[in-house]
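For reference, the structure discussed in these notes is given below.
The values are calculated or read from the model by the stated rules, or taken from the named source; none is laboratory data. Remember, predicted model here, so these are calculated numbers, not experimental data. Ideal geometry is used to build each Cβ from the backbone, glycine not excepted, and the neighbour counts take in all protein chains shown.
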Amino acid sequence: MAIKIIKNFFKRVFSSIFRNKKDIKLGFYGPPNAGKTSLANRICKDFTGEEIGSVSKVPHETRSVQFKEKVEIDYKGKKMVFKMIDTPGIATKIDYEEFLKYKLKKKVAKERAKEATQGVIESIKWLDDMDIVVIVLDATENPYNQVNITIIGNLVARKIPVLIVANKIDLRKADIKKIEAAFPEYEVVGISAKYGKNLEEFYESIFKLSKKI
């Protein structure tokens, strides 16, 4: 009986150790062109030397979920391993005519719109696999819109730890306070993914959220 108790004890200890060593699935969500891929790229480049995807001024450059395994983030002597998951921009409506403004041919624009629509569906499905979600918003844009409410609503329903990033604080029109007012129940971190500004606070918040899972 004593041997069985000891075996069960060590089984629990080892299962706990290995459970804690799993890669934390960190998802980047938000509207198109908010800077999700730019942020994911900067993190991956800093810690792996490789980027996760391409960026463009044309909306919906990312049209399918892309990820990078085993991204070990070292912050203030602490190390955590993440699976970085960059998702297509969430939009309530995707019209091919939107892409014609960027001088894309009609056939290419229609194909891009179709792929982007499928990407939105894929993004929502992937929410069930996330441990932590970073919502990346453009700090120069009005946060009170249907897209952001849709994203937040899906996360609330799944009880996933959330960090809101107000990106593009290097721009004059950036207004972090407006984002904080829109989502007072969440922590908001202002950064510039383009210039790597204030990433220390971002890492601090991510490590803090990791303790909740």
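Residues in segment 39-54 that are in a helix (DSSP H, G or I) and in contact with a Lys or Arg (Cβ under 6 Å, 6 or more places away or on another chain): 1 in all. Taking residues in segment 172-185 that are exposed (fewer than 12 other Cβ atoms within 10 Å of the Cβ), and partners anywhere that are among the acidic types (Asp, Glu), the pairs with Cβ atoms closer than 9 Å and at least 6 places apart or on different chains are Lys173/Glu141. Return yes or no: is Gly53 modelled with pLDDT under 90 and in contact with a strand residue (DSSP E or B) (Cβ under 7 Å, 6 or more places away or on another chain)? Taking the combined requirement at face value, the residue satisfies it.
The set of residues in segment 162-213 that are β-branched (Val, Ile, Thr), under 10 Å from Ala139 (Cβ atoms) and part of a loop (DSSP other than H, G, I, E, B) comprises Ile169, Ile191.
Taken together, Ala116, Ala193 contain a single residue that is closer than 22 Å to Ser64 by Cα and touching a helix residue (DSSP H, G or I) at 6+ places or on another chain (Cβ under 7 Å), which is Ala193. Considering only segment 97-117, I want to know if a residue exists there that is of a type outside the set (A, V, I, L, M, F, W, C) and in contact with a strand residue (DSSP E or B) (Cβ under 6 Å, 6 or more places away or on another chain). No: segment 97-117 contains no residue that is of a type outside the set (A, V, I, L, M, F, W, C) and in contact with a strand residue (DSSP E or B) (Cβ under 6 Å, 6 or more places away or on another chain).
Of Ile191, Ile176, Ile152, all but one fail to be within 21 Å of Asp128 (Cα to Cα), out of contact with any Pro (no Cβ under 8 Å at 6 or more places or on another chain) and of a type outside the set (Lys, Arg); the exception is Ile152. Residue check: His60 meets all listed conditions (1) surrounded by 21 or more Cβ atoms within 10 Å (Cβ to Cβ); (2) assigned to a strand (DSSP E or B); (3) at positive phi; (4) not β-branched (Val, Ile, Thr) but one, namely (2). In a residue-by-residue description of segment 95-115, the property of being under 21 Å from the mean Cα position of the chain (by Cα) and in a helix (DSSP H, G or I) applies to at least one position. For segment 83-113, taking the residues that are touching a residue at least 60 places away in the same chain (Cβ under 8 Å) and closer than 12 Å to Leu26 by Cα, the one that is surrounded by the most Cβ atoms within 10 Å (Cβ to Cβ) is identified as Thr87. Selection of segment 186-202 for residues being surrounded by fewer than 18 Cβ atoms within 10 Å (Cβ to Cβ) and farther than 20 Å from Lys159 by Cα yields Lys194, Tyr195, Gly196, Lys197, Asn198, Glu200, Glu201.
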